[in-house]
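*Asks:* This is the structure I have questions about; it appears just below.
The values are calculated or read from the model by the stated rules, or taken from the named source; none is laboratory data. These numbers were taken from a predicted model, which means no experiment stands behind them. With ideal geometry, Cβ positions are generated from the backbone for all residues, glycine too; neighbour counts draw on all protein chains shown. These accessible areas exclude ligands, DNA and RNA; they are computed on the full protein's heavy atoms, side chains included. Shrake-Rupley method; radii C 1.70, N 1.55, O 1.52, S 1.80 Å.
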Amino acid sequence: MIEARLNELGIILPEPSAPAAKYANAVIVNGIMYVSGKGPDTSERGKVGADFTTEQGYEFARNAGLEVLAVVRDVLGSLDRVKRVVKMQGFINASASYQEHHKVLNGFSDLMMEVFGDQGIHARSVFGAVSVRDNLPLIIDSIFQVEE
């Protein structure tokens with residue numbers, strides 16, 4: 001059902017990115033899948049609020065969501081095995097005075113709700129970061145309930 005929904009929405013997932021260091025892309029424990037932090041698939045680097053607008057940050061978060069979904073599908077074999085999006089945390093590489101972190105993360109949240117419907121509604125936290133890996137605009141980690 002979810003795989004068909006991707007087609008309906010015209011969403012094509014990228015190949016899952018490899019871990020950037022010594023860790024797994026995802027780990028499943030007792031039906032809960034923990035996905036390591038993923039950033040957007042972009043060559044752009046910098047801070048939201050200085051180098052990028054909130055709207056650009058939203059697109060970065062949506063793009064990072066596609067990266068997360070690619071990892072989930074790669075590990076599970078199909079997104080149809082996702083029961084629920086449980087929680088996500090966003091780390092926004094932001095200027096010190098930036099105040100719209102929550103609007104940036106809506107890019108990820110909106111994507112999850114488009115793809116999974118009510119099962120895409122999730123808890124979330126957002127943090128402004130002094131820096132993130134490779135000076136990416138943001139990093140998102142996420143938790144899913146899955147069929148084992």
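*Asks:* When the range 1-21 is examined, which residues are found to be part of a loop (DSSP other than H, G, I, E, B), exposed (fewer than 12 other Cβ atoms within 10 Å of the Cβ) and small (Gly, Ala, Ser)?
*Replies:* Correct list: GLY10, ALA18, ALA21.
*Asks:* In the range 2-42, how many residues are touching a residue at least 60 places away in the same chain (Cβ under 8 Å) and small (Gly, Ala, Ser)?
*Replies:* Looking only at that region, the number is 5.
*Asks:* Within the range 130-148, track down each residue that is farther than 16 Å from VAL71 by Cβ and either among the aromatic types (Phe, Trp, Tyr) or out of contact with any Gly (no Cβ under 9 Å at 6 or more places or on another chain) (or both).
*Replies:* VAL130, SER131 - these are the residues of the range 130-148 that are farther than 16 Å from VAL71 by Cβ and either among the aromatic types (Phe, Trp, Tyr) or out of contact with any Gly (no Cβ under 9 Å at 6 or more places or on another chain) (or both).
*Asks:* What is the number of the single condition among (1) more than 16 Å from VAL27 (Cα to Cα); (2) out of contact with any strand residue (DSSP E or B) (no Cβ under 7 Å at 6 or more places or on another chain) that GLY77 does not meet?
*Replies:* Status for GLY77: all satisfied but (1).
*Asks:* I'm trying to understand the selection: among the residues of the range 22-41, which are open to solvent by less than 70 Å² (accessible area, probe 1.4 Å) and in contact with a Pro (Cβ under 8 Å, 6 or more places away or on another chain)?
*Replies:* ASN25, SER36, GLY39, PRO40
*Asks:* Identify the single condition in (1) touching a strand residue (DSSP E or B) at 6+ places or on another chain (Cβ under 9 Å); (2) surrounded by 14 or more Cβ atoms within 10 Å (Cβ to Cβ); (3) closer than 24 Å to ASN135 by Cβ that GLU44 does not satisfy, given that it satisfies every other one.
*Replies:* (2)
*Asks:* Can you name the residue in the range 108-128 that is crowded, with 17+ Cβ neighbours inside 10 Å and under 10 Å from PHE91 (Cα atoms) and is also farthest from the chain's Cα centre (by Cα) among such residues?
*Replies:* By that ranking, first place goes to GLY128.
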